[in-house]
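Chemist: Shown below is the structure under consideration.
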Amino acid sequence: MGIWSFLPSSSPGVSCHVDNLWLLDAIRVFRVKLNTMSRLQPGSLLFVALLMPQSILGDDPSAAQLQQWVAGHNVTAIRGLGRPVLPKLVHLYEASRDDSFKARVAQTLYELGWESPEAKRALMKDVHTLHQDLRLQVQWALGRVSSDPDVVDTLTANMRIDSNPLFRDKAACALAYDQVHLTEQQKVRLFGALIEALQDPKDDVRRIALQALQIHTGQTKGFDPGATWADRDQKIKIWQAWLAQYKAGL
């Protein structure tokens, strides 16, 4: 299937839900607080502290709790911890030997959408993994954690030369939808890579590169991935002229 079959911003495709185990634990903690408060004077510091939300008190969840939230797709709870949670997520990712769990961490990083050099370095180590779910989640997440040029370069290479058509297709999906931190100048480089891919000898690569360009620009310039080489070359020149004009306008 082509990238059109996937939702624009929710390619990982897992709907957010509350982790029941986390909810039960929250109820248990609340009951303990109520029991403690019943034995305290209303003006005491401990009484006031118990009324404060966890985030205000600065209490971090244990590694086990964070792991539970990741596994249960409780991104809301994780987001509530703010950006300081990023190193902890990276540690969970790098410490895990379970590729399926690593895919869930990558999905969490995707949904948080926060830039993180540490997360980018960790994810890049698995950008060629053969584990399907992990590969897809990593490809989708990279542009959500980094605007570094080598992210676009790596995804472009995966789109063009990976032996697995699914991985090629979903790399194009990531280039189309998930490079959310790029500046306008950086987009010139991305568009240039996609236009260059229109010359690829593989028909499916030309097709998905064009789809990515159309998603970004709303245009095709009349390019037909299945047309003759001469016709394709003519349309590529039109794309190249458009890119030069786009760059000059920045």
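The values are calculated or read from the model by the stated rules, or taken from the named source; none is laboratory data. Source: prediction; values computed, not measured. As a convention, Cβ positions derive from the backbone with ideal geometry for all residues, glycine included, and neighbour counts pool all protein chains shown.
Chemist: Show me the helices (runs of 4 or more DSSP H) entirely contained within region 64-144 in which 1 or more residues are within 15 Å of D178 (Cα to Cα). Before the answer, list the steps.
Modeler: Values: elements: 75-79, 86-95, 99-112, 117-124.
Ranges flagged: 99-112, 117-124.
Chemist: Quick one: in region 203-213, which of the residues that are out of contact with any helix residue (DSSP H, G or I) (no Cβ under 6 Å at 6 or more places or on another chain) and crowded, with 16+ Cβ neighbours inside 10 Å is nearest to D148 (Cα to Cα)?
Modeler: This residue is L210.
Chemist: So, in region 155-183, exactly how many residues are part of a helix (DSSP H, G or I) and either at pLDDT below 95 or crowded, with 18+ Cβ neighbours inside 10 Å (or both)?
Modeler: Counting residues in region 155-183 that are part of a helix (DSSP H, G or I) and either at pLDDT below 95 or crowded, with 18+ Cβ neighbours inside 10 Å (or both) gives 16.
Chemist: Can you work out which of the residues in region 130-146 that are in contact with a helix residue (DSSP H, G or I) (Cβ under 6 Å, 6 or more places away or on another chain) and surrounded by fewer than 18 Cβ atoms within 10 Å (Cβ to Cβ) is nearest to R83 (Cα to Cα)?
Modeler: D133
Chemist: While we're looking at this one, here's another question. May I ask you to say which residue of A122, A106 is more than 10 Å from the chain's Cα centre (by Cα) and surrounded by 16 or more Cβ atoms within 10 Å (Cβ to Cβ)?
Modeler: A122
Chemist: Still on this structure, please answer the following. Within region 219-250, work out how many residues are among the small types (G, A, S) and under 20 Å from T183 (Cβ atoms).
Modeler: 3
Chemist: When region 145-154 is examined, which residues are found to be more than 18 Å from T108 (Cβ to Cβ) and not in a helix (DSSP H, G or I)?
Modeler: Scanning region 145-154 gives S147, D148.
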